[in-house]
1. Being small (Gly, Ala, Ser), closer than 30 Å to residue 199 by Cβ and either assigned to a helix (DSSP H, G or I) or open to solvent by less than 30 Å² (accessible area, probe 1.4 Å) (or both) is the filter here, so list the residues in region 100-139 that pass it.
2. Going by the structure shown, is residue 45 buried (at least 17 other Cβ atoms within 10 Å of the Cβ) and in contact with a strand residue (DSSP E or B) (Cβ under 8 Å, 6 or more places away or on another chain)?
3. Can you name the number of the only condition in (1) in a helix (DSSP H, G or I); (2) in contact with a helix residue (DSSP H, G or I) (Cβ under 6 Å, 6 or more places away or on another chain); (3) of a type in the set (Val, Ile, Thr) that residue 97 fails?
4. Within region 117-132, is there a residue that is at pLDDT 90 or above and more than 30 Å from residue 86 (Cα to Cα)?
5. Considering only region 241-257, how many residues are assigned to a helix (DSSP H, G or I) and loosely packed, with under 14 Cβ neighbours inside 10 Å?
6. Output yes when any residue across region 60-67 is modelled with pLDDT of 90 or more and touching a Phe, Trp or Tyr at 6+ places or on another chain (Cβ under 7 Å), and no when none is.
7. Residue under question is residue 263, and the condition is that it be hydroxyl-bearing (Ser, Thr, Tyr) and over 20 Å from residue 198 (Cβ atoms); does it hold?
8. For the condition in a loop (DSSP other than H, G, I, E, B), over 25 Å from residue 115 (Cα atoms) and assigned by the TED database to the domain that holds residue 90, what is the one hit in 43, 50?
Amino acid sequence: MMETKLITEKDVKNSWLYYYIVAEMGISYERLQALGFTTAILPILQKLYPDPEDLKQAIKRHLVFYNTEAVYGAPINGIVIAMEEQKARGADIDDDTITGIKTGLMGPMAGIGDSIDWATLKPIIFGLAVTLSTNGSVLGAFFLLLLPLIQIVVGRKLAAYGYRAGQASIREILHSGHIRTLITGASTLGLFMMGALSSTYVKLSTPLEFSFGSQNKPFVLQQVIDNIVPGILPLLAVFGIYWWLLKRNQNFTIIMVLIIAVSIIGSLVGLF
């Protein structure tokens, strides 16, 4: 059996942290995060494969297409390192097995990460940071640092967990009901937060009023709307933007320009 240097959990955590930093660097449609993944795992491969030819083959098998959510995809990093360690020690693990594990897990883990990290955690933290900043608190800027700090803590722990647990345990977790419960809970919390932030910061009203004779009070449209469904105009604005994101495109620059244009035109004609 081939003698190799032992890989520690610190090595695994540091490798993932490097991947977290460089995952989107050198990205291409052909390989996406493969270059970042290979760069991050390279120090470990150099430990495991002192022979240049073995190291070359290890690098080649990790340069194939790879793409996942960096934080909640961290267990894949740990699993791959564990498999490379066993392969370096003489275990019968071929290149296709390692590549297959990466490609098989990257989609599910990306779905989990996008739902929890980017669709829930990021909007909540950014929303709270905006709230603090608009109130004149300098803490708003520092509050933004919570996101990378949480991601780094979670990612390092998940990478080490993947290294310890191995591929079988990760598959078991993916097929259990706990992940679905976690995603549902996180999504629900995110909806509550987005609803609260929308009702607080989206302001829309109309100054339109109609007069029916000099003896009658003017008919103020906004008062009527408030008496029937208070806040309906901001709600319609939010739903309109959501519809655009869902049905048209997700180009935020176009959405921003449209909002500004509608606001200016509406103001000029007296609608808003």
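The values are calculated or read from the model by the stated rules, or taken from the named source; none is laboratory data. Only a predicted model underlies this, so the values are computations on that prediction, with no experimental measurement involved. All Cβ positions, glycine included, derive from the backbone under ideal geometry; neighbour counts span all protein chains shown. What goes into the accessible areas is simple: the full protein's heavy atoms, side chains included, and nothing from ligands, DNA or RNA. Shrake-Rupley method; radii C 1.70, N 1.55, O 1.52, S 1.80 Å.
1. Once the filter is applied, which keeps residues that are small (Gly, Ala, Ser), closer than 30 Å to residue 199 by Cβ and either assigned to a helix (DSSP H, G or I) or open to solvent by less than 30 Å² (accessible area, probe 1.4 Å) (or both), region 100-139 yields 111, 113, 115, 119, 127, 129, 133.
2. Answer is no for this residue.
3. The number of the failed condition is (2).
4. No, every residue in region 117-132 fails to be at pLDDT 90 or above and more than 30 Å from residue 86 (Cα to Cα).
5. Quick first cut of region 241-257, residues assigned to a helix (DSSP H, G or I) only: 241-248, 252-257.
In the following step, the residues that additionally are loosely packed, with under 14 Cβ neighbours inside 10 Å were identified as 242-243, 245-248, 252-254, 256-257.
Result for region 241-257: 11.
6. Yes, some residue in region 60-67 is modelled with pLDDT of 90 or more and touching a Phe, Trp or Tyr at 6+ places or on another chain (Cβ under 7 Å).
7. no
8. Details: 43 fails: in a loop (DSSP other than H, G, I, E, B).
50 is the lone residue from the list that is in a loop (DSSP other than H, G, I, E, B), over 25 Å from residue 115 (Cα atoms) and assigned by the TED database to the domain that holds residue 90.
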